Each structure stands twice: as structure tokens, then as C-alpha cells.
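Have a look at the structure below before the remarks.
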Amino acid sequence: MTRLKLIGGIAAVLVTLLVGQALLRTAPSADDDSATFLVGGRSFRPVVVGGLAVTVLGIRGASLVRRPDGQILDTGGVWVIVDVELTATQQTTAVRYLALADRDGNTYRVSQRWHQAITEGVPDLQPGLPVDGEVAFEVPRDAATQLSLRAGEHWSVAVGLRSRAVTDIALPVERSEVDRWVADRDPAVLVPPAVVL
Amino acid sequence: MSWFGRNRWGLIALGPALALVVAVSAQGVQGTLSARPRQAVPADGDGWYHLAEARLRLSTLEHATGLVTAAGRPFTPATHVVIWRAVIDFDAANDALIGDCQVSVEDDLGRTYDTDPDLELAGSVGGTSRGCLRVDDSTTRYSNAEFFALPESAQPIAVRVVVDGYQPLYVRMPRR
């Protein structure tokens, strides 16, 4: 009887340890806990993340971009220019994280090679006053056909403190379009943001 | 010996342990809540609101007229955008206490708009808000103008003032 109790006790401990291990393996990791919450969507339809509505209205590209001061910027990749409409839904806010992501998990933040009129933190968005304008990203040519727009209200996404809602709007671009963009040596001029009602 | 007898110390320790977990969680929740402006201070008999050792009241909230461009021409905002100006009266012996403030306007749908909308006021002159600080140190009574951009379909109903360090208290001054 004593031997039976001993074996039973050992078995109970082993089962407990196994169940514990199983639970630990299925439980979300710290990375899972703080993963970015992607809100999927398509072009021409608003995607709401927190207090921000993002609509992609168009995509074009270029091999050269002309800054407002006239300087022309070249790239070893390609400039992807996205026409976006941004609207605050409840209170004044801004897009504080703005990037393109490719299928391999690489992200390309909005270009900081000059101060764009639409960039992270700019402009302020007032509720009910949609702002429409273009924003440029510099990406490798091979990645240009597999991009999605990541935009959100929280800058902390960029430094790893994620746990925030971010758009995941697929940008339909064909290989032939990228080839045409690269071949075109006419510098692109970005459309500045404007309130559109 | 019964199960309760064998585990009595564990059971006795369970209560304080649970209380500790609840207390620690409650502190975190309380900290988050207290950082939010959620308790509007009442007005006194003369219509003044008291916060951060200062008194303030809404003097006017109306369409902002008289804005001009850098060239001196009348400034016209974008179509369907209305610029509003709120004038707030202050009475503060030590305006440094109230200086770190955020002023916003609330519309009839409960939406809030911060001051100085850069895009909507781009190209204008004279549309810069003063916040809560006084410009002239010789007097404790002063008035500051604050500028907001709203869709023409929205009606502003109140001006809010949140002073950093005094949350959850804030001032909500309804439009008269």
C-alpha cells in the first residue's frame, strides 16, 4: 500500500510538471503580448485604428523626387508615393507611426531625407476634417510589389513598445509598374496636404 | 488529520496574498485613471472656475474674424472649415502653476479639438493661441485668445482646460 502511494505521488508530480510545461508552451510569449495589432483593409476604404481613419487613395512611384526647395533626390531603390486621406474620429490626433511593410517583415519608415508635409507627428488632424496628401517612402525595388501601409497613432510602435493598432493596407503594385517608375527620370513632386470636405 | 487541518497555514496565507494582488492591481488602475481629466470642477457664484491656484472663466467663444495673411489680406480658411476663437479670462497670482495647460474645445458630438490647428491656419497671421500664461507680468488679471478649427457642421459647446499635474480635475466651461 505504501509503495502504491509512493508511485501514485510520483506520478501526480510528473503529470503536474507535464501539464505545466504544456501550458507554458501554449501560453503567449512576451513578444505575443506586445505584438502590433494589425487592422487589415483595402485601398479606397477607410481603415480605423484607434481614433484615426486611414484611406489609401492612390499609389505611384518614381526614381527621383523633387523636394519643395527644388533639390532632386535620387535613390538606389524606388520611391513609392502613397496618396492618403487621414481623419481624426474623436479628438485631435496625428499619424505618429507611418511605414511600409513587405512580406518578409521588413519595414520602411516614411522618408526622413527631407521634412515631408505629411510625416510622423505632422500634421495635426482635427475631428471631422479629413486631410488628403501624398507621402513618400524609399524602398528596394524587389520589395515594391509586396507592400502594405502601416499607419497608427502611436510612435511607440517604432521602438518596440507595440501593443497598438496599426493599419495593414495592401498596396497593389505590378512588377511592370515598378520598372516603368524606375525608367522614368522625371522627378515626382508630392501633392501637399489639404483639408478636403 | 483533515485536508483543512493539513493546509490551514496555506489557507490563512491565501487571504493576505489575494488582498496584496488586488491592492497592487488597483494602484495601477488608479494611477491610470488619475492621469485622465475626468472630474470637472464646479463654477463659483460669479462664474469662475478654480484650478491650480487660479481662477478662470470663458469670456467669449465665437467665429474668429479679422485673421489676415502675411500680405495683410483677409485670411479665408478651407471650404467648410470654420475657425473659432475662445477668449479665457484668468486671475492668477502665480501663472507658472497653470502655465502647463492644454486647452481644447468640445463640440456637440463630444469630439475635442486642440488649439492652433497648423494645417487649417496655414498662411494666416494672428491665429496663435496663448495657452494659460500671461504676457504682462504687472497684473494678475489677463485674457488669452485660443484658436480652433471645426467643420462647419459642428457646434462648439464648451471649452476645456487641463492643467498638467492637477488631473483628474479639469475645467469645463460651457458656451453661454
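The values are calculated or read from the model by the stated rules, or taken from the named source; none is laboratory data. These figures come from a predicted structure and were not determined experimentally. We place every Cβ from the backbone using ideal geometry, glycine too, and count neighbours over all the protein chains shown. The area values use the complete protein model at the heavy-atom level, side chains included, leaving out ligands, DNA and RNA. Shrake-Rupley method; radii C 1.70, N 1.55, O 1.52, S 1.80 Å.
Of note:
- Scanning segment A:166-189 for residues that are open to solvent by 30 Å² or more (accessible area, probe 1.4 Å) and under 23 Å from residue A:146 (Cβ atoms) yields A:168, A:170, A:172, A:174, A:175, A:176, A:177, A:179, A:180, A:182, A:183, A:184.
- For segment A:163-183, the count of residues that are within 14 Å of chain B (Cβ to nearest Cβ), farther than 20 Å from residue A:75 by Cβ and in contact with a His (Cβ under 6 Å, 6 or more places away or on another chain) is zero.
- Counted residues, segment B:93-111 - those being away from every other protein chain (no Cβ under 14 Å) and either within 11 Å of the chain's Cα centre (by Cα) or farther than 14 Å from residue B:137 by Cβ (or both): 4
- Among the residues listed as A:53, A:62, A:88, the single one being assigned by TED's automatic domain parsing to the domain that holds residue A:146, within 16 Å of the chain's Cα centre (by Cα) and not polar (S, T, N, Q): A:53
- Any hit, segment A:146-154, residues being under 22 Å from residue B:78 (Cβ atoms) and open to solvent by 10 Å² or more (accessible area, probe 1.4 Å): no
- Count of residues meeting criterion [more than 14 Å from chain B (Cβ to nearest Cβ) and either among the hydroxyl-bearing types (Ser, Thr, Tyr) or open to solvent by less than 40 Å² (accessible area, probe 1.4 Å) (or both)] in segment A:120-134: 1
- Some residue of segment A:179-197 being more than 19 Å from residue A:67 (Cα to Cα) and β-branched (Val, Ile, Thr): yes
- Of all residues in segment B:47-70, at least one satisfies being at pLDDT 95 or above and loosely packed, with under 11 Cβ neighbours inside 10 Å.
- The number of residues in segment B:82-131 being closer than 18 Å to residue B:155 by Cα and of a type outside the set (Asp, Glu) comes to 16.
- Taking every residue in segment A:172-197 that is modelled with pLDDT of 95 or more and pairing it with any residue that is of a type in the set (A, V, I, L, M) and loosely packed, with under 12 Cβ neighbours inside 10 Å, at least 6 positions away or on another chain, the pairs with Cβ-Cβ distances below 6 Å are A:187/A:72.
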